[in-house]
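Since the structure comes first, as structure tokens, the remarks are kept for the end.
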Amino acid sequence: MRLALYKGKGRIGNAAIRWWTRSPYGHCELVIDGVAYSSSIMDSGVRAKRIEFDPEHWDFVDLPWASAALVKSTFASTQGDPYGWGDLFWRQVFNRPGDARGQFCSEWCARALGLPNPQQYSPATLGDYCTYRTRTCRTTSTTGAG
């Protein structure tokens, strides 16, 4: 399993997210066996689909510590939920409680990974966390610590 982080130009929503978060990433997906899971503006909410990932437009983080079963279970319980425009606006812009009627991409991915406070993650901060956790996982497995 891996986290895919979109760094392409994309549409206006991607540009706004990159600008607001001051990062190269405007979207994220969790990829399991070639299927991408996320909440997508373009697809109006939570969905799973096959995507041809062009490495020029995407960065990837391996997630050896993550549970594919948890991601699939989260998807099963949220499939078809609307995109979280309210959450994106209230939580990310004003740091206030959202509306719970949907989830934005990084919120959905963080929830599917079992992370606390999933609404606090942007694609960039989720990428940073996952990179750190994967690096830590690899370090402890090679040193025998932990």
Check your understanding: Given H placed on each backbone N at 1.01 Å, which residues far from A36 in sequence or on other chains put an amide H within less than 5 Å of it?
Key -> K49, R50, I51
Review point. Across the Cα atoms of the range 1-56, what radius of gyration and what greatest pairwise Cα-Cα distance (Dmax) are found, in Å?
Key: 11.2, 32
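Taken together, the values in this text are just the output of simple stated rules run on the coordinates, not laboratory data. Here the structure is a predicted model, which means the values were calculated and not measured.
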